[in-house]
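The values are calculated or read from the model by the stated rules, or taken from the named source; none is laboratory data. All values derive from a computational prediction rather than experimental measurement. Ideal geometry is used to build each Cβ from the backbone, glycine not excepted, and the neighbour counts take in all protein chains shown. Accessible surface areas use protein heavy atoms only, side chains included; no ligands, DNA or RNA. Shrake-Rupley method; radii C 1.70, N 1.55, O 1.52, S 1.80 Å.
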Amino acid sequence: MTIDYIVNVVDALVKKAGSRDPFVICEVLDYKLHYIDLHQRLKAYYFYQSRINNIVIDENIMEL
């Protein structure tokens with residue numbers, strides 16, 4: 001995987017969603033966001049279950 005490939009994929013996602021906001025992109029792509037206390041072990045993780053894309057974010061992360 002090269003940086004050019006990653007840039008092209010990101011550009012395609014931004015074009016499809018019409019925004020660079022990751023929360024808007026998740027909404028457009030129908031990714032489910034979950035906020036859970038991960039006890040500072042992880043900041044976030046992704047998993048795929050029953051044909052549903054899920055992103056879990058630590059609820060204790062301070063928004064910048």
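Data overview
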item	result
Qualifying positions in segment 24-64 - part of a loop (DSSP other than H, G, I, E, B) and hydrophobic (A, V, I, L, M, F, W, C)	29, 38, 42, 61, 62, 64
Failed condition for residue 55, given (1) touching a helix residue (DSSP H, G or I) at 6+ places or on another chain (Cβ under 9 Å); (2) open to solvent by 100 Å² or more (accessible area, probe 1.4 Å)	(2)
Residues satisfying the stated conditions in segment 13-23, i.e. over 11 Å from the mean Cα position of the chain (by Cα) and assigned to a loop (DSSP other than H, G, I, E, B)	18, 19, 20
Residue in segment 1-44 that is nearest to residue 62 (Cα to Cα), counting only those that are among the hydroxyl-bearing types (Ser, Thr, Tyr) and surrounded by 11 or more Cβ atoms within 10 Å (Cβ to Cβ)	35
